[in-house]
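Trainee: Take this structure first; my questions come after.
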Amino acid sequence: MYRIDDYDFPLPEDRIAQHPHPERDRSRLMVLDRATGDLAHQRFDRLPELLRPQDVLVINDTQVVPARLTGRKDTGGRVEVLVLDYAGARGQALSGGTFVSDCLVRASKRPREGGRLFFGDELEAEVIACGDDTATLRFRFAGDVDAVFDRWGTVPLPPYIRRPADACDRESYQTVYASEKGAVAAPTAGLHFTRSLMEALRNKGVAIVRITLHVGYGTFLPVRVSDIRDHRMHAERFTVDPEAADVVAASRRREGRVVAVGTTCVRTLEFLADGKGGIRSGSGSCDLFIYPGHQFKVVDAMITNFHLPKSTLLMLVSAFAGFDAIRTAYREAVREGYRFFSYGDAMFIV
């Protein structure tokens, strides 16, 4: 279970969701019992029936920003740029009209160092350093950085969604509780929630706790080593306030389950485990790589989507549910026509 090829599986192209479900909470939900290996097929809006009043649901309130820019080089050629650390860039930009960030760059010819890129009347960038696929750019802009990106940027849909982003994606590729700008990819397990569903959970007595982890593009980068134990995880910025940590600890004291919505919440909670069943509060960068053999200290159950072959996300759910159980569940999902990846269906692993 440590070979990268152990995490490969056949997936028909038509199982990769290219559009969201027309009703968020009507997507399918596979329920996997870790103790027995039993599988059940539900619909996501039945989630309140599956949670208990003493449970705490942990959600990631990061907000996806329109961080993909299309413009032109000073030589006239077309260029496409994706800002990889918008959260860090935003912190710089709030104190002045410039910021520096590493970016993915696509162009017919690699931009030269010292070259200038133009994305509209209010936004341009200078190439500081350039690699094969990425470049370090110094951006200059006029006005508020969020407003500038809202006007000139587009939603950075994942590479397996083989269509251009449209106006609808600005809403559908965003959780209904997103509030903290900084992600360049959505915490996709949260896309299934509606405001009415969250209200139903609160009415049942389920505590809902917000944490923030700004999802980076590294979540889509392939594992390039044959032994997954040699992989080094990308780092992502997080914030967990003391109130959230207190609610998690209180749930554990009353024997409630900590239910993490998505792999981003799982990694953050496990990264901040305090050794007593709870978590520390604070801000920083999380680079925890979870794969089979990890001993979970905080998370009791998780909601997640169906993930890419050979991905760190598939390795995480295999660590949580069991390698063989996930292989069986994924075969069942393919056979039963579940929709995969960001706009796809969901699993509830208990």
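Yes or no, residue by residue, for (1) basic (Lys, Arg); (2) part of a strand (DSSP E or B):
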{"site": "Glu49", "(1), (2)": "no, no"}
{"site": "Leu57", "(1), (2)": "no, yes"}
{"site": "Gln63", "(1), (2)": "no, yes"}
{"site": "Arg72", "(1), (2)": "yes, yes"}
{"site": "Glu113", "(1), (2)": "no, no"}
{"site": "Ile128", "(1), (2)": "no, yes"}
{"site": "Asp146", "(1), (2)": "no, no"}
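Trainee: Go through segment 102-134 and give me each residue that's without any contact (Cβ under 8 Å) to a residue 40 or more places away in the chain and of a type in the set (A, V, I, L, M).
Mentor: If the condition is that a residue be without any contact (Cβ under 8 Å) to a residue 40 or more places away in the chain and of a type in the set (A, V, I, L, M), then Val105, Ala107, Val127, Ile128, Ala129 are the ones that fit.
Trainee: Among (1) modelled with pLDDT of 95 or more; (2) within 30 Å of Leu308 (Cβ to Cβ), which single condition is Glu126 missing?
Mentor: It is condition (2) that Glu126 fails.
Trainee: A follow-up question, please. Quick check on segment 121-180: of everything there that is in contact with a helix residue (DSSP H, G or I) (Cβ under 9 Å, 6 or more places away or on another chain) and of a type in the set (Ser, Thr, Tyr), which residue is surrounded by the most Cβ atoms within 10 Å (Cβ to Cβ)?
Mentor: Within segment 121-180, the match that is surrounded by the most Cβ atoms within 10 Å (Cβ to Cβ) is Thr175.
Trainee: Then there is this: Condition first: assigned to a loop (DSSP other than H, G, I, E, B), among the aliphatic types (A, V, I, L, M) and at pLDDT below 90. Now tell me which residues in segment 74-111 satisfy that.
Mentor: Hit for segment 74-111 is Leu94, nothing else.
Trainee: Counting only residues that are assigned to a helix (DSSP H, G or I), touching a residue at least 24 places away in the same chain (Cβ under 8 Å) and over 21 Å from Ile228 (Cα atoms), how many does segment 1-28 have?
Mentor: 3
Trainee: When the residues of segment 1-41 are narrowed to those that are among the polar types (S, T, N, Q) and under 23 Å from the mean Cα position of the chain (by Cα), which ends up nearest to Ala200 (Cα to Cα)? Spell out the reasoning first.
Mentor: Taking segment 1-41 first, the residues among the polar types (S, T, N, Q) are 18, 27, 36.
Remaining after also requiring under 23 Å from the mean Cα position of the chain (by Cα): 18, 27.
On the way: Gln18: 29, Ser27: 17 Å.
The qualifying residue nearest to Ala200 (Cα to Cα) is Ser27.
The values are calculated or read from the model by the stated rules, or taken from the named source; none is laboratory data. Here the structure is a predicted model, which is why all the values come from computation and not from measurement. Positions of Cβ are generated from backbone atoms using ideal geometry, with glycine treated the same way; all protein chains shown enter the neighbour counts.
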